[in-house]
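A quick write-up on the structure given underneath.
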Amino acid sequence: MSSNPSPSATPAIAAPRGNATAPPPSKNVRSLSGLAPFLRPYRTRIAWAVVFLVMAAVSTLVFPVALKSLIDQGIVEADPGQRVMALREHFFALFGVGAALGLFSALRFYMVTWLGERVTADLRNAVYAHVVKQSPEFFETTQTGEVLSRLTTDTTLVQTVVGSSLSMGLRNGVMCIGAMTMLIVTNPVVMAQVLGILVLVVLPSVYFGRRIRKLSRASQDRVADSSAIAAEVLNAIPVVQSYTQEAREAERFDVSTANAFATAVSRTRMRSILVGFIITATFGALLWGLYQGTQAVVRGDITAGHLGQTVVYVIILVSGVAVLAEVYGDLLRAAGATERLMELLATESPIRSPAAPRALPPVERGSSLALEAVTFRYPSRPKQAALADFSLQIAAGETVALVGPSGAGKSTVFQLLLRFYDVAEGTVRIDGVPVRELALADLRGRIGIVPQDSVIFSANAMENIRYGRPEASDAEVIAAAKAAFAHDFISALPEGYQTFLGERGVRVSGGQRQRISIARAMLKNPPLLLLDEATSALDAESERMVQAALESAMRDRTTLVIAHRLSTVQRADRIVVMDGGRIVESGTHATLSAAGGLYARLAKLQFDA
C-alpha cells in the first residue's frame with residue numbers, strides 16, 4: 001500500500017466539506033429501494049419472515065374473536081356447571097392463541113434480525129470495497145471521516161429498519177387492516193365515518209413526513225462533518241500538539257457536534273409533532289366509533305361480547321397506527337442514510353481497467369518506461385500544469401534519479417506510472433504498452449514502491465512484510481527482511497516476527513519502518529521499483545542501513561528514484577533534473593556538476609552545507 005498523496009490533497013486540519021455537493025434529497029421513502037439488490041439474495045428468508053409476520057398478526061387478530069366467545073358463551077351462560085366448562089374451554093383457546101402469537105413472534109424476530117445483520121454487513125462490505133477502488137481524485141474532494149460515518153452511522157440506521165422497524169411496520173400494518181376490516185364488518189356505517197376522518201389525518205402527515213425526510217438527511221450530514229474533523233485531527237495528533245492547538249480543535253469539534261445536535265433537535269421536534277398529531281387525531285376518530293358501538297349495545301343491536309371484541313380491535317388499531325407513525329419516522333431517517341450510501345456506490349472511478357486489456361510482455365531484467373509528450377493537470381488544479389510536454393525514456397535495468405525543487409513534478413511522474421491519474425495529453429508506456437490499455441492489477445503488479453512515509457499496518461512484522469505478496473511463505477518473508485537489512489532488528493523485538501508493531505508502526509523507529517517497507521517491496525520482487533524520498537527523514541546511521549537495503553533492492557530491476565538528498569543519487573546511471581513540470585537537465589552527477597546549471601547549484605548548496 002503506497003502513500004502518494006497528490007499535491008492537492010486535503011490538509012490534516014482542513015475544514016469539513018459538508019454536503020455542499022450532495023444532490024437534493026428525495027421526497028419520500030422510495031430511496032429505500034436502493035437496498036433491493038442487497039435483499040434479493042435472501043428472498044427465501046424474507047418469504048419465511050413475511051409468513052411468520054402474517055401468522056403473528058393473524059394470531060393477534062384472532063384474540064378478540066376468542067374474547068367475544070368467552071363473554072357471550074362463557075360468562076353469560078346461565079347454568080353454573082356449563083359456565084365452568086365453557087370458561088375452561090375458552091381460556092384454553094385463548095392460551096392457544098397466545099402460544100401461537102409467541103411462537104410466530106419469536107420466529108419473525110429471529111428472521112428479520114438475521115436479515116438486518118446480514119444485509120448491513122453486505123452493504124458495508126460493498127461500500128468499503130467500492131471506496132478502496134476509487135482513484136486519488138475521489139479523496140481530493142471526499143474526507144475519510146465522511147466515508148467512515150457512512151460506513152458506520154448510516155449502515156446502523158439501515159440495520160434498524162431492515163432488522164426491526166420494517167418488520168414492525170408490516171406487522172402493525174396487517175393488524176391495522178385486519179382490525180379495520182373487522183370493525184367495518186361489524187359497524188359499516190360508523191367505520192365509514194371514521195375512515196373519512198382518517199383520510200383527513202393522512203394529508204398533514206404527508207407534509208410533516210417530507211420535512212422530517214429533509215431534516216434526517218441534514219442530520220446525517222452534520223454527523224459526518226463531526227466524524228471528518230475527528231478523523232483528520234486524530235491522524236495529525238503530533239502536529240496538533242506541537243502547535244498546542246488541542247483547545248482549538250476541541251472547540252472546532254464542539255461547534256460541529258453542536259450543529260449536529262441542533263439539526264437533530266429540529267428533526268426530533270418535527271417527528272414528535274407528527275407522532276402526536278397522528279395518535280391524537282386517530283384516537284379521537286376511533287373513540288367516535290367506540291361511542292357508536294356502546295350506543296348499539298344499549299339499543300340491543302349487538303351483544304356485550306361483540307362490544308368487547310370491538311373495544312379490543314379499536315385498541316389494536318390505535319396502537320398499530322401509533323407504531324406506524326414511529327416506523328414512518330424511522331423509514332424517513334433510513335431513506336436519508338440509504339441515499340448517502342447509494343451515492344457512494346454510484347460514484348464511478350475515472351481510472352478503470354479497459355474492457356479488453358492487453359497483456360504485458362515478459363521481462364528478464366527490469367521494465368522499460370516511456371513518458372511521451374505528457375501534459376497533466378490535477379483535477380483540483382485544472383489551470384496549473386504539473387507536467388508540461390514532458391518526455392522521458394528509461395531502459396530496462398536502468399537506475400534513474402529525479403531531482404529538483406519541490407513542486408517540480410517528480411511525484412506526479414510516479415502517480416502517472418501507477419495510473420492513479422490519466423494524462424490529458426501524451427502517452428505513458430511500460431514495456432512498450434500504454435498504461436491505459438493494461439489491467440490495473442497487471443500494471444501495478446509490475447511496480448513496487450517505497451514511499452517517503454512508510455506505511456505500517458496494525459499487524460505484526462511478518463504480516464507487514466507479507467503485504468507485498470500475501471501468498472509468500474514465512475521463509476520468503478524472512479529472506480526479504482534479510483535482504484533489506486531488517487532481519488536483525490526484527491529478531492530482537494520481544495516476539496520477533498510476530499511482534500505487533502502498533503498503529504502506523506509506532507513501536508519501531510523511522511529507519512526500521514523504512515526497512516520493513518523495502519522488505520515488502522523486495523518480497524513483491526517487481527521489475528520496476530519506485531523510491532520516493534526513501535531516506536529523506538532519517539539520521540545518518542539509519543540512512544546508511546536503509547541505503548544499503550536500497551542498493552540491494554535495486555539490483556536486476558529498473559529503478560526510478562526521487563531524492564532531495566543528492567548524496568543518495570550520485571551512483572545513478574542517469575540524473576534527470578526537473579523544474580516547473582519540465583526536464584531542464586539530464587546526465588550523470590559528474591557532468592551535471594560541471595555544467596553549472598540547476599543541479600550544480602543544488603549540489604553546491606547541499607555539499608557545502
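The table for this structure:
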read-out	value
Accessible-area composition of segment 436-537, carbon plus sulfur, in percent [1.4 Å probe]	50 percent
With all protein chains modelled, accessible area of H130 [1.4 Å, Å²]	40 Å²
Alpha-carbon centroids, segment 355-410 and segment 27-61: separation in whole Å	53 Å
Cβ crowding within 10 Å averaged over residues, with 378-385, 226-233 ranked highest first	226-233, 378-385
Nearest-10 value in Å² for the accessible area of D573, using the 1.4 Å probe	90 Å²
For S593, solvent-accessible area (1.4 Å; no DNA, RNA or ligand), Å²	50 Å²
Pairs from K410/K604; K383/K410; K133/K383; K482/K524 whose Cα-Cα separation, in the structure shown, is over 25 Å	K133/K383
FRET E, pair E372, V297, Förster distance 60 Å, beta-carbon r, rounded to 0.05	0.05
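The values are calculated or read from the model by the stated rules, or taken from the named source; none is laboratory data. All figures in this text were calculated on a predicted structure; none of them were measured in a lab. Heads up, the Cβs are rebuilt from the backbone with ideal geometry, glycines too, and the neighbour counts pull from every protein chain shown. For accessibility, only protein heavy atoms count, side chains too; no ligands or nucleic acids. Shrake-Rupley method; radii C 1.70, N 1.55, O 1.52, S 1.80 Å.
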